[in-house]
Amino acid sequence: MARELADGVWLLDVGLVPPLATNAFLLDGNEAVGDTDHTDETDGEVTLVDTGLWWNRPSLVGELADAGYEPTDIDQVLLTHYDLDHVTGLGRLLERGFDGPVYMGRRDVELVRGEWDPPLAHHKGAFHRAARFLFDFPEVDLRPVDDGDRIGGLVAFHTPGHNHGHTVFVHDGLSVACLGDLVWEENGELTPPFWLDSYEMRAIRESIERFDREAPEFDVAAMSHGTPFVTGGREAIRRLAAEL
């Protein structure tokens, strides 16, 4: 059941059971407060962050409806990284009329386009090569994102390690950080994802530490796996960074 975590920030609980259960997030910029000087009028106000699997129970479309939205209400989709439980639900949106731009970290866009091949000898590199072969990425307006880019009210932080193109998105006006798989939640605290699902654990730790140094204040920590923090999200990042 979709749940509003804060004004304009919706948790869409898509997927099956852990580890396939995934959080997607709907951000309605019309509810934003504070600094809007950086908003690009060419970008939409309603943003979906990640899309779950190609088949979800509950479904992505159903979760959107619970929150009071249709796929055609979404102006843009932001993908934190290329993993099947984050990107393959995009096809369901296209079937229901979504036709906006899709943003993803540059290296993961290059992976999807066949412009970069991950190392075959690496366990996740081999998986990504197979996934790219077996699952065609939908024909969309796919736009690469670099560190520091602004997309409407969101700013991008390149946080490699889990994936080479992994990106966190922070919305100042909604006071939310969409953390993807930079961190997971376990027993009320944040933890890095485990090695089998990642490229390089040292890079993940360095990304967490850099994000802690550079990120603005925010309340909601919206990670893709686990229970989001409605308050105290920024402090939870500080605690984890201090422990690494």
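The values are calculated or read from the model by the stated rules, or taken from the named source; none is laboratory data. All values reported here derive from a predicted model rather than from experimental measurement. Note: ideal-geometry Cβ built from the backbone for every residue, glycine included; neighbour counts use all protein chains shown. For accessibility, only protein heavy atoms count, side chains too; no ligands or nucleic acids. Shrake-Rupley method; radii C 1.70, N 1.55, O 1.52, S 1.80 Å.
How high is the FRET efficiency from Glu70 to Leu196, r the C-beta distance, R0 35 Å, rounded to 0.05?
Calculated transfer efficiency: 0.40.
Using only the Cα atoms of region 79-129, what do you get for the radius of gyration and for Dmax, in Å?
Over region 79-129's Cα set, Rg and Dmax evaluate to 12.5, 39 Å.
Which peptide among 170-182, 117-129 comes first, and what is the full order, when sorted by highest mean count of other Cβ atoms within 10 Å? Mind dumping the intermediate values first?
Values: 170-182: 26.5, 117-129: 14.6.
Answer by packing, highest mean first, reads 170-182, 117-129.
Hey, any idea what % of the chain's accessible area is carbon plus sulfur with a 1.4 Å probe?
Carbon with sulfur: 48 percent of the solvent-accessible area.
What ³J(HN,Hα) values, in whole Hz, does the Karplus curve 6.51 cos²θ - 1.76 cosθ + 1.60 give for region 131-137 when θ = phi - 60°, with x put for Gly and Pro?
Running phi through 6.51 cos²θ - 1.76 cosθ + 1.60 with θ = phi - 60° gives 4, 4, 6, 8, 10, 5, 6 Hz.
At 0.36 nm per residue, and after removing the present C-alpha to C-alpha distance, how many nm does the segment from Leu120 to Glu186 gain when stretched out fully?
Fully extending the segment from Leu120 to Glu186 adds 20.7 nm.
Which residue, Met223, Met201, Met104, tops the fluctuation ranking in a GNM of the chain built on C-alpha contacts under 10 Å?
Its mean-square fluctuation being the largest, the pick is Met201.
For Phe229, what residues show an amide H to amide H distance below 5 Å, using hydrogens built from the backbone and excluding near sequence neighbours?
It is Ala221, Met223, by chain and number.
Before I look further, what does the chain give for accessible area per residue, probe 1.4 Å, in whole square angstrom? It would help to have the intermediate numbers written out before the result.
On the way: 10700 Å² over 244 residues.
Heavy-atom SASA per residue in the chain reads 44 Å².
Along region 231-244, what does the Karplus equation 6.51 cos²θ - 1.76 cosθ + 1.60 (θ = phi - 60°) give for ³J(HN,Hα), rounded to whole Hz, x for Gly and Pro?
Ordered by residue, 3J(HN,Hα) equals 9, x, x, 5, 5, 5, 5, 4, 4, 5, 4, 5, 8, 6 Hz.
What number in nm² do you get for region 129-244 if you take the convex hull of its Cα atoms and divide its surface by four?
Details: hull surface 31.6 nm².
For the Cα atoms of region 129-244, the hull's average projected area reads 7.9 nm².
Quick check on the chain: helices-only [θ] at 222 nm, where DSSP H runs of length 4 and up contribute -39,500 (n - 2.57) each and the sum goes over total residues. Nearest 500, please.
Helices in the chain give a 222 nm mean residue ellipticity of -7500 deg cm²/dmol.
Given N residues in region 38-168, what is its alpha carbon radius of gyration divided by 2.2 N^0.38 Å?
Normalised Cα radius of gyration, region 38-168: 1.04.
Pop a pseudo-label 7 angstrom from the Cα along the beta-carbon direction at both Glu217 and Arg239 and give the gap in nm to one decimal.
1.9
Compare Thr22, Thr72, Thr47 in a GNM of the chain, Cα atoms joined below 10 Å, and give the one with the largest fluctuation.
Fluctuation is largest for Thr72.
How large, in Å, is the chain by the Kirkwood hydrodynamic radius built from its alpha-carbon pairs?
The Cα-based Kirkwood calculation yields 17.6 Å.
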